[in-house]
Amino acid sequence: MSPRGDAAGEGLSAHPSNVPLAIHDLTVAYHRKPVIWDVDLNIPEGKLVGIVGPNGAGKSTLIKACLDLIPKTSGEVAIYGKSYRSQRRMVGYVPQRESVDWDFPVSALDVVAMGTYRQLGWFKPVGRKQREAAMEALDQVGIAHLAKRQIRQLSGGQQQRVFLARALAQDARVYFMDEPFAAVDAATEEAIVRLLQALNERGKTCLVVHHDLATVSSYFDWLVLLNMRVVASGPTRETFTAANLEKTYGGQLNLIDDAVRALRNATD
Amino acid sequence: MSWSTFDTWIVVAGALCAVACALPGCFLVLRRMSMMGDAISHAVLPGLAAAFLLTGSRTSLVMFVGAAIVGVLTAVFTQWISRFGNVDRGAAMGIVFTTMFAVGLIMIVQAADRVDLDPGCVLYGALELTPLDTWRVAGLEFPRVVGVMAVITALNLGVIAILFKELRLSTFDPGLSDTLGFSSQLIHYLLMTMVAVTTVAAFEAVGSIIVIAMLIVPAATALLVTRRLVPMLVIACGAGVLAAAAGHWMAVAVPAWFGADATSSSGMMAVASGLIFALAWLFGPAGGLLAGIFHRPPDGRSITNNET
């Protein structure tokens, strides 16, 4: 392999450094069975991006492959024109809530402060500056008063907000969020939407794995429809069409019905 | 009963073993890898035997290095088998450590006439004999085991103090740890090295079975008392020290009530830590039985969903 060959591959050098996420020919397979297949994506800066598709469409896999959390079978991912490894400080990640043990002995504030660890680097302990940043992030998601709680003593929605506050504390330019809206209460859903809009106003890019077709067009201005392959990607207004949804959810009749109903609601 | 300096040294040696084990033990329990201590403490046996057979010496440094290497290999093999063999991690651990323990036993039995390694000693240790083998440093005479365990305890304390934030992050959320640039693999192997070195060092004094009790029981006890990480580490160490003192006292005093001779101190230390765990299970404020009856701790799922 030539020096820096991975990042300088032909597919990536073509992507300018102002594109938050460029994916070229990405395939990921588990046990030789492809989960996502030949994905090409270009996400423009400053968009709220919904990633939508049926169960098993590879939405989480796509995010994890972008963040090097699972190996790529082939293809390349560029964050602002370079490989993820050299762009870590640009990226914030909100994993699925079930991915951690909520009985773990940490407080909400401890978890949010983890977002500042990269700036700290190895060996340096969390100080007052980091705690203040974490407190501010908790305040932005409206649960500063719960900072000292052990995380099990929070409701599901509050736990989700802790994760979002942690991503805020990372102070990234592009955020990857894996189903932040899954099983949260109405107040949390509102808080997440407000947060996404606030990030959007600051010019950040957010990629959000999302399930609820009814809210797609009001939450996101860019849409990626995924079912193993990218069915469509573009401004929500152009992409969120019955034809595209049928292609994405093909065969799952009741889901198509839901989708069409959602579409009707959206255009009303 | 009469308490001699002998008894004091036995308690000090036991307490240092307990503290040295409880520190990495807390992270094993939190990573739901309690059995890893079990696996490593058994699997080091072929390392001990091989080190002896290769060098013919029983100096502890050689044995120590041999066993520590094999201990880390256990963690590596377990990782490989579970990843490439597509086997559950617990099963992979079972495959590795039983195989290695068996190999170690065969090596010891085969070389029995030449090797002064007694399987009984391997299992239960020889805590009662530790005051006989002493070091003299700067005019101070103390049992060798106390010196070794003091060094190991200081090392473990140092590693945890320096890497506290990294250990907490990678234990709680390995995915985030990786994305932030703190390799969770690297930290995993560091912790495994710590467990291997600690079990090998403590194992000479208290044996391979008791080491497991000292790794896991105080940590599990502390988790019933607190839901904070630093207090958990402190309480685990405290529970370990208490178990060491109470255990030795029980080993000497209790059989005397029935006119019997003193029994195994390390064995009684494990029993004592079990009793302390039972007390914490009954009365512990964080997940104890009575706490659950009289003061239902706020449970995330039972909080009404629209509370903000």
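The values are calculated or read from the model by the stated rules, or taken from the named source; none is laboratory data. None of these values were measured; they are calculated from a predicted model. Heads up, the Cβs are rebuilt from the backbone with ideal geometry, glycines too, and the neighbour counts pull from every protein chain shown. Heads up: the accessible areas ignore ligands, DNA and RNA and are worked out on the full protein's heavy atoms, side chains in. Shrake-Rupley method; radii C 1.70, N 1.55, O 1.52, S 1.80 Å.
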Any residue on another chain or 5+ positions along whose placed amide H is under 5 Å from the amide H of A:Tyr93 is listed here as A:Phe176
Three-way shape label, chain A, alpha-carbon gyration tensor, a/c 1.5: oblate
In the stretch B:164-185, what residues drop by 40 Å² or more in accessible surface going from the chain by itself to the full protein assembly, probe 1.4 Å? B:Lys165, B:Arg168, B:Phe172, B:Asp173, B:Leu176, B:Thr179, B:Leu180, B:Phe182
Give the residue from B:Gly158, B:Val11, B:Thr171 lying farthest towards the positive end of the charge dipole for the stretch B:5-213; charges sit on Cβ (+1 for Lys and Arg, -1 for Asp and Glu) and the dipole is referred to the Cα centre. B:Thr171
How much of B:Phe64 can a 1.4 Å solvent probe reach, expressed as accessible area in Å² and rounded to 10? 50 Å²
Is the protein assembly as shown best put as rounded, prolate or oblate by its Cα gyration tensor, with a ≥ b ≥ c the root eigenvalues, rounded for a/c under 1.5, and otherwise prolate when a/b is larger than b/c, oblate when not? prolate
Using a cut-off of 12 Å between beta-carbons, work out the net charge of the residues near A:Gly203 (Lys and Arg +1, Asp and Glu -1, A:Gly203 not included). +2
Quick one: compute the contact order of the stretch A:77-135, relative version, from alpha carbon pairs under 8 angstrom and 6+ residues apart, as a percent. 27 percent
Can you tell me what percent of all Cα-Cα pairs in the stretch A:191-255 are more than 21 Å apart? 26 percent
Report the residues of the stretch A:37-65 in range of a label on A:Asn18: point 7 Å along Cα→C-beta, backbone N strictly under 11 Å from it. A:45
Ignoring any ligand, DNA or RNA, what whole percent of the accessible area of chain B comes from carbon and sulfur when the probe is 1.4 angstrom? 70 percent
Relative contact order (%) - criterion: Cα under 8 Å, at least six apart; region: chain A: 24 percent
Inter-label distance for A:Arg194 and B:Thr55, nm, one decimal - labels placed 7 Å from Cα along Cα-to-Cβ: 6.6 nm
Heavy-atom accessible area of B:Asp173, protein chains in place, probe 1.4 angstrom, given in Å² to nearest 10, is 10 Å²
Rounded, prolate or oblate (a/c below 1.5 giving rounded, otherwise prolate when a/b exceeds b/c) for the stretch B:5-213 by Cα gyration tensor: oblate
I'd like the accessible area for B:Lys165, computed on protein heavy atoms only with a 1.4 Å probe and all protein chains in place. Round to 10 Å², please. 10 Å²
Under 11 Å, Cβ to Cβ, from A:Arg229 - net charge with Lys/Arg +1 and Asp/Glu -1: -1
Quick one: net charge around B:Ala251, please, counting Lys, Arg +1 and Asp, Glu -1 for every other residue with C-beta under 14 Å from its C-beta. -3
If one computes the Cα centroid of the stretch A:181-223 and of the stretch A:63-88, what distance in Å separates the two points? 23 Å
Using R₀ = 22 Å, calculate the FRET efficiency as 1/(1 + (r/R₀)^6) where r is the Cβ-Cβ separation of B:Leu105 and B:Leu132; round to 0.05. 0.20
Connecting C-alpha atoms closer than 10 Å in a GNM of chain B, tell me which of B:Gly25, B:Gly139, B:Gly287 has the biggest fluctuation. B:Gly139
Interface call, the stretch B:219-256: threshold 50 Å², probe 1.4 Å, accessible heavy-atom surface of protein chains, chain by itself vs complex, result B:Arg227, B:Arg228
Output the relative contact order of the stretch B:5-213, whole-number percent, from Cα pairs under 8 angstrom with separation of 6+ residues. 34 percent
If you roll a 1.4 Å probe over chain A with all protein chains in place, what percent of the accessible area is carbon or sulfur? 49 percent
Run the dipole for the stretch B:5-213 about the Cα centre, Lys and Arg Cβ at +1, Asp and Glu Cβ at -1, nothing else charged, and hand back the magnitude in debye, nearest 20. 460 debye
Once accessible area is computed for A alone, B alone and the pair with a 1.4 Å probe, the total buried surface, to the nearest 100 Å², works out to 3400 Å²
